[in-house]
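The values are calculated or read from the model by the stated rules, or taken from the named source; none is laboratory data. In this text, all values refer to a predicted model and were calculated from it rather than measured experimentally. As a convention, Cβ positions derive from the backbone with ideal geometry for all residues, glycine included, and neighbour counts pool all protein chains shown.
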């Protein structure tokens, strides 16, 4: 995707850049009948506005089995690549349960 926009994460005072792997290429053109398959990964790189330094990565990975709500596993990853939190993260699951398509929000318009 490569375009930074205001992120809804962390109170909405950060910029985010959405990155996807090949399995998630249908994002953000999801429709009500379209779900991402196992192996799909969505990553939001978070920045302070105007900064080029990444503060964190928020990751959603669709698992074939064993994932959380909707088969998604959530991760919070440090800029160094170290995984800070991983799994069925309750705050992530609660918010993404409200997403319009397959626990995924579209890009801001």
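Restricting the stretch 58-108 to residues that are at pLDDT below 85 and assigned to a helix (DSSP H, G or I) leaves a set whose member that is surrounded by the most Cβ atoms within 10 Å (Cβ to Cβ) is 70. Scanning the stretch 40-55 for residues that are without any contact (Cβ under 8 Å) to a residue 24 or more places away in the chain and touching a strand residue (DSSP E or B) at 6+ places or on another chain (Cβ under 7 Å) turns up 40, 41.
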